[in-house]
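J.: There's a structure below that I have some questions on.
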Amino acid sequence: MIGHRKERVGIVVTDNMDKSIKIKSERLMPHPLYGKIIKKFKNYMVHDEKNEAHVGDKVLIRETKPISKRKCWKLVEILQKAHG
């Protein structure tokens, strides 16, 4: 699968930076020993070229070549705007 890039959905946590946002992505997985479904969270630094996303927005991001030391994800689209 040439050209396949990972995609994630998450909620914007911080938008204070210029052309950057931080999102929190959630995934469900079974506990290794007990089998109970638990939530795992991970934060990603994302490149937002037009500064469109704001705190609370649900966004889709895609993996890309490294943009800076910590950014290798790019904003694809805003799925749902935050209320307020």
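The numbers here are math on the coordinates, done by the rules we state, and not lab data. Since the structure is predicted, the reported quantities are computational estimates derived from the model, not experimental observations. Quick reminder, even Gly has a Cβ in these numbers, built from the backbone with ideal geometry, and neighbours come from all protein chains shown.
J.: Take every DSSP beta bridge whose two residues both sit in the chain, then give the antiparallel share in percent to the nearest 5.
T.: 95
J.: Something else about it: What chymotrypsin sites (Phe, Trp or Tyr not before Pro) does the chain have in DSSP loop regions with at most 15 other beta carbons within 10 Å?
T.: Tyr34
J.: Which of Lys19, Lys74, Lys36 moves most in a GNM of the chain, Cα contacts under 10 Å?
T.: Lys36
J.: Across the range 16-24, in residue order, what do the Karplus-derived ³J(HN,Hα) couplings come to in whole Hz, using 6.51 cos²θ - 1.76 cosθ + 1.60 with θ = phi - 60° and x for Gly and Pro?
T.: Result, rounded to whole Hz: 6, 7, 7, 6, 9, 9, 10, 10, 10.
J.: Using the number of other C-beta atoms within 10 angstrom as an exposure proxy, rank Val46, Val9 with the fewest first.
T.: Listed from fewest to most nearby Cβ atoms, that is Val9, Val46.
J.: Among [x] 17, 46, 18, 8, 7, 4, 1; [y] 18, 57, 24, 1; [z] 18, 45, 25, 11, 1, which one is P(r) over Cα pairs in 10 Å bins from 0, in percent computed from these coordinates?
T.: So the calculated entry is the one marked [z].
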